[in-house]
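Q: Below is a structure I'd like to ask you about.
Only the coordinates and a few stated rules stand behind these numbers; no lab work does. Since this is a predicted model, take the numbers as computed values, not measurements. Cβ placement follows ideal geometry from the backbone for every residue including glycine, while neighbour counts extend to all protein chains displayed.
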């Protein structure tokens, strides 16, 4: 089946630094990718919808200047957490919607810990 | 407003028991998709099923079965003869095809299933 990768799988950083997370669709093209955030023992909450070649659409309450999303190609979207703080520590999961089949595939997630 | 409700926070069963997970959804769209995902301790979401709103047939896949009832806006999931490997958090999700949200998944709170030997 279709595979979506995320890199890194986990990252620990100091407060105030920026962290970039990559989401790649390995064997299919994805015009749309989604970024979700999951705090411990909670559900997944959509942060933003990323469309190739255009600006991301952010959900209410998500700071677009803090969570920068770039979808420069049909197989890659990146999420940059700028000036990370401990409250940004979370599990970040991306998904990619296959252009041909409209099916959505999830990445394995990235665990971010901000000290 | 919560669009997908999974009222059961945690269900504990002994191996070989059946377990049913409830999911109630809310939408004004006539066309929509419902999903179930499994999230084991590793964190990676495992896709289980996608059902469109026009297909009310119940489905069975091995030990898994789903009961979709539009009249009650429910999409319940049953694991028959549970096994320890079924221990995970299970999420129900809804996708509504309005212009700006097609493909976005709205997840329920999840139900933790604990299967003990």
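Q: Contour minus end-to-end for residue B:18 and residue B:71, with contour as 0.36 nm per residue of separation and end-to-end as the Cα-Cα distance? Walk me through the numbers on the way to the answer.
A: On the way: separation 53, 0.36 × 53 = 19.08 nm, distance 2.45 nm.
Extra length from residue B:18 to residue B:71 when fully extended: 16.6 nm.
Q: Starting from the eigenvalues of the Cα gyration tensor, five times each then square-rooted, give me the equivalent ellipsoid semi-axes of the protein assembly as shown, largest first, whole Å. It would help to have the intermediate numbers written out before the result.
A: Values: eigenvalues 178, 90, 50 Å².
Computed over the protein assembly as shown, the values are 30, 21, 16 Å.
Q: A follow-up question, please. Taking neighbour Cβ counts within 10 Å as the exposure measure, how do B:54, B:91 sort from fewest upward? Spell out each step's value before the answer.
A: Working: B:54 9, B:91 25.
With the fewest neighbours first, B:54, B:91 line up as B:54, B:91.
Q: Over chain A, what is the relative contact order in whole percent, taking alpha-carbon pairs under 8 Å and six or more residues apart?
A: On the way: 299 pairs, mean separation 42.7, N = 115.
Computed over chain A, the figure is 37 percent.
Q: Mind sorting B:104, A:14, B:3 by how few other Cβ atoms lie within 10 Å of their own Cβ, fewest first?
A: Lowest to highest Cβ neighbour count: A:14, B:3, B:104.
Q: Quick check: Cα centre of the range B:1-39 to Cα centre of the range A:46-115, how many Å?
A: The distance from the Cα centre of the range B:1-39 to that of the range A:46-115 comes to 25 Å.
Q: Cα atoms only, the range A:1-93: Rg and Dmax in Å?
A: According to the Cα coordinates of the range A:1-93, Rg and Dmax are 12.9, 39 Å.
Q: Moving on. Could you line up B:21, A:76 from fewest to most neighbouring Cβ atoms inside 10 Å?
A: A:76, B:21
Q: A follow-up question, please. Taking a virtual spin label 7 Å from the Cα of residue B:29 along the C-beta vector, which residues in the range A:26-62 bring their backbone nitrogen under 20 Å of it?
A: Answer for the range A:26-62: A:30-37, A:44-52, A:56-60.
Q: Seen from all sides and averaged, what is the projected area of the convex hull of the Cα atoms in chain B, in nm²?
A: On the way: hull surface 28.8 nm².
Projected area, direction-averaged: 7.2 nm².
Q: For the residue pair residue B:10 and residue A:64, what label-to-label distance in nm results when each label sits 7 Å from Cα along the Cα-to-beta-carbon direction?
A: Going by the 7 Å Cα→Cβ label model, 4.1 nm.
Q: Across every pair of different alpha-carbon atoms, what Kirkwood hydrodynamic radius in Å does the range A:1-42 reach? Walk me through the numbers before you get to the answer.
A: Numbers: mean 1/r = 0.0786 Å⁻¹.
With all distinct Cα pairs of the range A:1-42 included, I get 12.7 Å.
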